[in-house]
Amino acid sequence: MKRFFSLAAAVLCLLAAPALAQKRGGIMVMPHVDNPPSPSIQEEATVSVVVPFMSIFNNLVIFDQHAEQNRPETILPELATSWVWNEAKTSLTFKLRDGVKWHDGKPFTAADVKCTWDMVSGLAPGKIRKSPRKEWFANVREIAVANDREVTFHLNRPQPSLLSMLASGYSPVYPCHIPSADMRSKPIGTGPFKFVEFRMNEIVRLTRNNEYWKPGLPYLDGIEIHVVPNRATRMLGLSAGKYDVSFPTDVTVPLARELISKVPTAQCKLRVIGDTNLMVNRDRPPFDNRDLRMALALAIDHKAFYTIMNEGVEATGASMLPPPEGVWGAPQQVVETFLGYSTDVAKRREQARELMKKSGFGPDKRMKLQVFTRNTETFRNAALILVDHLREIYIDAEVDAVDTSLYYNRMFKREYSVGMNTTGLSLDDPDQVFYENFGCGSLRNYTNYCNREIQTLIDGQSQETDVARRKELVWEIERRIAEDVARPITHRGVQAGCWLGHVKNYNVQVNSIYNGWRFEDVWLDK
C-alpha cells in the first residue's frame, strides 16, 4: 500500500486552497452508479443507500467527518453529548442532546434510541423487514431508558467495538413514531437535510433542514443525486461541470488521471473502496464438496486482478483491510502463507486441477457454471476476470449480472452457486467484518458459512482489550477462514472520489466508504 499512496500523491495531489469564508446556498449535484433499493439505511446493505441518504439522519456518535482515517479516537458526539462505560465494560451510558427535533417537528428522546436498537438488534423482532447488521449488536442484552435524556446499552460481555459500530454511517437513529414501511419511502431524520423525493432510476432530492440543531448548518440549499448507470456519461458530466462531485466509489485510476488533465482544479483521492470476494454456496451441489471450493480459491491470480482492475496498484490482504490503512489486517508476508494467497500461481493452479480431477472433472469433462454478480462495472469486470481464471482449471463459466435490487434479494436468499461480490469498506474493526460476513446465521453471511470453533475465536477477540493479543487472534481467524474457503478475496478495489474545485470542505475517508457523507458543512464557492 505504500506504493499506492506514493502514486496517489504523485498523480492525484490534493490541491491546497486558501482559506475562504463559507458561502450559503446552492445545490450540490452528484451522479449515482445505480438505483438505491430504498432510503432505509437500517434495512439495506449497500453504499448505494448510505451515500444519498446519510445526511437525512444523525447518529448517537459519529466519526469525525474531516479525519482521513476512522479510528476510535476520532469519534465525536452527535445526538449524544457524552458517554461513559461502567467498570466492567458491560454497560455504556449516553447523555442525550436537548432540543433536537425530527423533521416532522416531534422531539427526539431516549425512546427513539431504544426503539432503533431494539429493532436493529432483534430485541423487538418484526419491526423491520430485515436487519443486515443485527450481528453487530447481538451482544446487546438490553437498552434501558432512565429518562428522555439518558439511555444505557447493557451488554452480555465486554465489547470495546460497540462505540465504533455506533459511529458508522450504517447506524442512524430512527424515529420511534414513524412506521418502518414509511422509512422505506419517505424517511424522517434529525439530520442537516430533509427528504424531498426519490424517483426510482432517476433522482434523489434533499433540501436544507432550516431547523437543524447545529446553528448555521448546513450551508447547502440541497443535494441532488442523479441515477446515471453509464460510467462514461458520469465522467463526462463531471468534466463538463454538470456534476459537482463524483459518486465516492466510482473513479478508476486512469479516469482520475484523465479528469485532472481535463479539469486542473479538480481534486481526487484514491483509496481502497472494498474487497471483491469469491462467493461459493457451500450448501448447493456440487460446491458442498470442499475439494471443489478449494480448487476455485487456488485458481485465483490476485496479481492479474490488481493489474487489470487497479493498473497494478495493490492492497494485498485477506479478510481484514491490510496495513498501513488497516489497523487489524495481517501483513502481506503473513497473508501469503494462507491457503489460496501464495504468489506461486502456477503451483496453485496445478493443485486446483488435481482437485478437479479428483471430483470427476478434467480436460474432457469441463464444468459448466454461471457466475452471479451485480450489474455494475466494478462487479461485472471482476466476474469476467474470474471467468478467465476458471478456464485454467476445467471450468467454462458465464457471467449472470442482475440489477442491484434483485442482486441483494438473491444473495440474502442464497439463490446462486458461485458469485462475485464486492464488500465495501464499512468499519475497520474485526467485529464488523467477522460477525457480519462469517458469523453463523448472519444475514450478510452470503455463503452460509458456519464454523463453531471460528465463532468461539471471533467471540474471544471481540472482548480482548489488549491490542497486540487481539491482533494475534484476528490473524489466526483470517488464516482459518482462508483454509475453510469461506469467502476468498480476489483483490481490493482502489478507486477515487473526485470533486471540482468550487466544492469546499469535502472529504474522502481512507478506511471506509460508508461513514463520511453527512455533508452538513460542505459549501460551494461559485
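Coordinate-derived values only; no laboratory data. Fair warning: this is a prediction, and the values are worked out from it, not measured in the lab. With ideal geometry, Cβ positions are generated from the backbone for all residues, glycine too; neighbour counts draw on all protein chains shown.
Return the distance in nm (one decimal) between the two label points of a simple spin-label model at Asn409 and Ala111, each offset 7 Å from Cα along Cα→Cβ.
3.5
Take every Cα pair under 8 Å in the chain that's 6+ residues apart, average their separations, divide by the length, and report that relative contact order as a whole percent. If you can, show how the numbers build up before the last one.
Values: 1139 pairs, mean separation 122.4, N = 526.
The normalised contact order for the chain reaches 23 percent.
Please give the charge dipole size of the chain, origin at the Cα centre, charges +1 on K and R Cβ atoms and -1 on D and E Cβ atoms. Round to the nearest 20 debye.
Details: 65 positive and 62 negative charges, 120 e Å.
Its charge dipole is roughly 580 debye.
Which one, (i) 71, 56, 41; (ii) 98, 52, 51; (iii) 151, 54, 40, gives Cα extents along the principal axes in Å as derived from the coordinates shown?
(i)
Relative contact order for the stretch 474-526: what is it in percent, counting Cα pairs under 8 Å that are at least 6 residues apart? Walk me through the intermediate numbers first.
Values: 24 pairs, mean separation 15.4, N = 53.
Taking the mean separation of contacting Cα pairs over the length of the stretch 474-526, I get 29 percent.
Given an 8 Å cut-off on Cα distances and at least 6 residues of separation, report the relative contact order of the stretch 274-493 as a percent.
On the way: 378 pairs, mean separation 74.2, N = 220.
It comes to 34 percent, rounded to a whole number.
Mind checking the full-extension length gain between Lys95 and Ala304? Use 0.36 nm per residue of separation minus the Cα-Cα distance, one decimal, nm. Mind showing how you got there, number by number?
Values: separation 209, 0.36 × 209 = 75.24 nm, distance 5.11 nm.
So the chain would gain 70.1 nm between Lys95 and Ala304.
At a Cα cut-off below 30 Å, give the lysines reachable from Lys114, other chains included and same-chain residues fewer than 8 away excluded.
Within the straight-line limit of under 30 Å, Lys114 reaches these lysines: Lys89, Lys95, Lys101, Lys106, Lys127, Lys130, Lys134, Lys186, Lys194, Lys214, Lys413.
Among Leu155, Asn409, Val272, flag the residue with its Cα farthest along the positive direction of the charge dipole of the chain, charges on Cβ as +1 for Lys/Arg and -1 for Asp/Glu.
Of the candidates, Asn409 comes out farthest on the positive side.
Taking neighbour counts of Cβ atoms within 10 Å as a proxy for exposure, in what order, fewest first, do Asp364, Asp459, Asp344, Asp112 appear?
Working: Asp364 6, Asp459 17, Asp344 10, Asp112 25.
Ascending Cβ contact count within 10 Å gives the list Asp364, Asp344, Asp459, Asp112.
Roughly how many nanometres apart are two label points built 7 Å out from the Cα toward the Cβ at Lys347 and Asp283?
3.7
Full-extension gain between Glu258 and Asn230, please, as 0.36 nm times their residue separation minus the C-alpha to C-alpha distance.
Working: separation 28, 0.36 × 28 = 10.08 nm, distance 1.69 nm.
That pair, Glu258 and Asn230, stretches by 8.4 nm at full extension.
Would you mind checking the stretch 206-227 for residues with the amide N under 16 Å from a putative spin-label position 7 Å along Cα→C-beta of Ala240?
Flagged as within label range: 226-227.
If R0 is 25 Å, what FRET efficiency do you get for Val84 and Ala468 from their C-beta distance, rounded to 0.05?
Working: r = 26 Å, r/R0 = 1.05.
The pair Val84/Ala468 has a calculated efficiency of 0.45.
Roughly what % antiparallel, to the nearest 5, for the DSSP beta bridges in the stretch 274-493?
Working: 12 of 23 bridges.
Roughly 50 percent of the beta bridges in the stretch 274-493 run antiparallel, per DSSP.
Would you calculate the separation in nanometres between label points at Gln370 and His154, each defined as 7 Å from the Cα along the Cα-to-beta-carbon direction?
Distance between label points: 5.0 nm.
Alpha carbon centre of the stretch 148-220 versus the stretch 319-381: separation in Å?
When both Cα centres are located, 38 Å separates them.
For the charge dipole of the chain, defined by +1 on Lys and Arg C-beta atoms and -1 on Asp and Glu C-beta atoms about the Cα centroid, which residue among Ala167, Ile489, Pro36 has the Cα displaced farthest towards the positive pole?
Pro36
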